1. Counting only C-alpha contacts under 8 Å and six or more residues apart, can you give the relative contact order of the range 238-292 as a whole percent?
2. Can you order the peptides 117-126, 63-72, 236-245, 431-440 by their average number of other Cβ atoms within 10 Å per residue, highest first?
3. Assign unit charges at the C-beta atoms only (+1 for Lys and Arg, -1 for Asp and Glu), then state the dipole size of the range 48-163 relative to its Cα centre in Debye, rounded to the nearest 20.
4. How large is the convex hull of the C-alpha atoms of the chain per residue, in Å³?
5. How long is the range 44-83 along each principal axis, judged by its Cα atoms, biggest number first, in Å?
6. What does the extension gain come out to for L314 and D391, with contour length at 0.36 nm per residue minus their alpha carbon separation?
7. Using all C-alpha to C-alpha distances in the range 327-450, build P(r) with 10 Å bins and read off the rounded percent in each one.
8. When the Kirkwood hydrodynamic radius is evaluated over all pairs of different C-alpha atoms of the range 125-225, what value in angstrom, to one decimal, is obtained?
Amino acid sequence: MPADPHLPVAHLRPPRNWINDPNGLAFHDGHYHVCFQYNPYGPEHANMHWGHFRSTDLLTWQELPLVLTPTPGGEDADGCFSGNAVSDGDRMVAFYSAFRTDRWAQPVTTAESRDNGVTWTPRGSLLIPELPEGATMYRDPYVWREAGRWRMLVGSAQADGRAAALLYESGDLEHWEYEGPFLDRAPQPVAPGADTELGWECPQYLHADGRGALLLGAWDPQLGPRRTVVYPGREQDGRFLADAPALLDHGPDFYAPALLHAPDGRWLLWGWSWEARDPGWVREAGWAGLLTLPREVTLAEDGSVRQRPAVELLSLRDARAVTAAGETAGTAALGTVGPSFDLTARLEPRAAGTTAGLRLVTSADGAEYLDIRIDPAAGELVVDRDHASLDPRAHGGTYRLPCPEATTASAAPIELRLVVDRSVAELYLPSGRTLTLRFYPTGGTPWRIEARAGDEGSLGYTVAAWNLRPYTMRYAADARAESALTNVGLVSP
Ligand code: FRU
């Protein structure tokens, strides 16, 4: 294990310092461009710049110079907040939120690149200086091309208690007309104890064949980012007719996802997974946040939004580490994995109680583990990280992922895919539901996979796991490069 056992190798982030939202996602000149909120000076949310990676295949990445840097005294003097980017002929245009501490809103401004995203020229002035009436929060443009015109959503909270995604349109990316709210809603429930909140950040719009889905960062004026919600629906006369909202990800550590419409028609999505450990430990580690795996997002017939890891990631699978099939009435040791692995499982509980499932054991004495348990009464998988770190500075909690196959009445086996990369776990179900969380094992490797029947009945299992190879990463030629490569154990280009 390299120096920092929690630094991921198959999830995008720079080797040090703070990152949050994915930004500026665009396909241009044969490259996927992935930018992100980045503080180059420390592991806390401050001095927001845009960092930048690009790739031709989602596996080999190159870090490019910073896209956006706050301009002293300028409209974005205190931060270049979130937004997206579009490919427009031979130029890329980034749309972002200009942050100043002396202004309540973060109005939209732009920057442009004419060399395929390597260098950028900020416009300096605001693109849309006037703010619509009634807004009390306003930021995070999302621009896309549709039916011969450019369209933009901006996230907002309204004085009347509604959250809103505000719609603008333009023929030339330069002159924008305000069309009104695309969708606005007072808080609506999405899960026990969770609603769509008073404000929406980072709106994203996925649309295909007359249907669509709005992805929204549900934000509370006091508590800030809470969770990510999705409204499926369809557009009619410039308004979004929304069905009932749902959680986009059922884990505690997923927020502000962003979409990239790939040239092959796929909608790809990256989210921000924040830390789940105390600030003192973050300061010690010197880094915070990572981007999730790229996910393919589709709209199902029933209106639900489905996610699965981008198919390209299959080629990060190295030698098979675990191959196991059988049935246990107790605990079966299935084999060992490295700290970054991709696992598939088919589980068949037979008269099992509420503690059957899979366990990832990360300390030699078995005291440290992450559990995925089957709750047949609720029809849910329960991910329990209460024992996932022996370090008390790691956050605990149990989180639930709806899984109808888990109910006692179901004859269908439970299938799942779990991708773990050192301190992040992403759980995917065939229904397209996901759960993302962070955990911080301290026990060193190898890690062990167990199938557990729990206190009653038995558990049938078929499990395969592959260790993951790191992304190939070429960092920008700057002072960081050498220590970065040693830190995450990546090979020099
Ligand atoms: C979401 C967010 C955005 C904002 C950015 C600032 O996480 O709060 O609304 O533009 O982060 O870093």
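1. Values: 51 pairs, mean separation 15.0, N = 55.
So the answer I get is 27 percent.
2. Working: 117-126: 15.8, 63-72: 18.5, 236-245: 14.3, 431-440: 23.7.
Highest to lowest by the protection proxy: 431-440, 63-72, 117-126, 236-245.
3. Values: 11 positive and 15 negative charges, 32 e Å.
The calculation lands at about 160 debye.
4. Details: hull volume 69.3 nm³, N = 493.
Hull volume normalised by residue count: 141 Å³.
5. Taking the Cα atoms of the range 44-83, the three principal extents are 39, 19, 16 Å.
6. Values: separation 77, 0.36 × 77 = 27.72 nm, distance 3.24 nm.
Full extension of this stretch gives 24.5 nm more.
7. Computed distribution, short to long bins: 13, 47, 34, 6, 0.
8. Values: mean 1/r = 0.0707 Å⁻¹.
By the Kirkwood definition, the hydrodynamic radius is 14.1 Å.
Bear in mind these aren't lab numbers, they're just calculated from the coordinates by the rules spelled out. It should be emphasised that the depicted structure is a prediction, and the values quoted were computed from it without experimental measurement. Please note: Cβ atoms are built from the backbone with ideal geometry, for glycine as well, and neighbour counts cover all protein chains shown.
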